[in-house]
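Below is one structure, written out as C-alpha cells; comments come after it.
The values are calculated or read from the model by the stated rules, or taken from the named source; none is laboratory data. Just so it is clear, the model here is predicted, and its values are computed rather than measured. Backbone-built Cβ (ideal geometry, glycine too); neighbour counts: all protein chains shown.
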Amino acid sequence: MKNAEPYLIFDGECAEAFTFYEIVFAAKIAFLTHYKDLPPGTGEVAEADRERVVHVILPISKEVSLMGADCPSGMKNTRGDNVWLTLNTESADEARQVFGRLSEGGKMTMPLEKTFWAELYGMLTDKFGICWMVNYQVPSNNR
C-alpha cells in the first residue's frame with residue numbers, strides 16, 4: 001500500500017473549506033477543478049453543479065494530502081459520514097484485492113474501473129459503515 005488519505009465531502013462549501021485549510025496548514029492547493037471542467041463524455045452536469053468542486057488536493061506534508069469535493073446537488077450529504085478514506089495502491093492487483101475484501105458485506109457505490117484520472121478507481125461503504133475510495137495510478141515512469 002502506498003498510503004491512505006482523507007477525502008472530505010461537502011455540499012457546496014468545498015472551495016471555502018479548502019481556502020480555510022490552506023491557512024490552517026500553511027499549505028497551497030496543488031489541484032482544483034470544477035464540475036464544469038469535466039472532459040466530454042463523463043456525464044451530464046446540472047447547471048446548479050457547474051461551479052461546485054469536483055476534486056481538490058491540498059498537500060499538508062510530504063506524505064499526506066487532504067482531498068475533497070462537493071457532492072452533486074441532488075446527492076444527500078450528511079455531516080458525519082462525509083469523510084472517506086482513499087487508499088492509493090501500488091498495483092492494479094492490490095487495488096482489486098483490497099476493493100474485493102472491503103466490499104464483502106458492504107455496499108458498492110462505484111465499481112472498480114478505469115476512469116479518465118486513474119487506471120482503476122472504485123468507491124464503497126464497508127460492512128461497518130466506513131466509506132472507502134480505492135485508487136491505482138500507473139506510475140508516471142511507466143506511461
*Scan of the stretch 9-67 for residues that are acidic (Asp, Glu) and closer than 22 Å to Ala118 by Cα, ordered by number*: Asp37, Glu44, Glu63
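Can Ala26 be described as touching a residue at least 24 places away in the same chain (Cβ under 8 Å) and either small (Gly, Ala, Ser) or assigned to a helix (DSSP H, G or I) (or both)?
Considered against the rule, which asks whether it is touching a residue at least 24 places away in the same chain (Cβ under 8 Å) and either small (Gly, Ala, Ser) or assigned to a helix (DSSP H, G or I) (or both), Ala26 comes out as no.
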*asked:* If I filter the stretch 56-65 down to residues being free of Cβ contacts under 8 Å to residues at least 60 places away in the same chain and closer than 17 Å to Thr33 by Cβ, which single residue comes out as surrounded by the fewest Cβ atoms within 10 Å (Cβ to Cβ)?
replied: Ile57
*Just checking, which of Ser91, Ser73 is of a type in the set (S, T, N, Q), surrounded by fewer than 17 Cβ atoms within 10 Å (Cβ to Cβ) and at pLDDT 90 or above?*
Ser91
*Given the conditions (1) closer than 17 Å to Met133 by Cβ; (2) in contact (Cβ under 8 Å) with a residue 24 or more places away in the chain, and given that Met75 satisfies all but one, which numbered condition is not satisfied?*
(2)
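Out of curiosity, is Ala48 free of Cβ contacts under 8 Å to residues at least 40 places away in the same chain, touching a Gly at 6+ places or on another chain (Cβ under 9 Å) and not assigned by TED's automatic domain parsing to the domain that holds Cys131? Even if it seems obvious, please write down each step before you answer.
Values: free of Cβ contacts under 8 Å to residues at least 40 places away in the same chain: yes; touching a Gly at 6+ places or on another chain (Cβ under 9 Å): yes; not assigned by TED's automatic domain parsing to the domain that holds Cys131: yes.
Yes, satisfied.
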_Being touching a residue at least 12 places away in the same chain (Cβ under 8 Å), out of contact with any Leu (no Cβ under 8 Å at 6 or more places or on another chain) and of a type in the set (Asp, Glu) is the requirement here; does Glu5 meet it?_
no
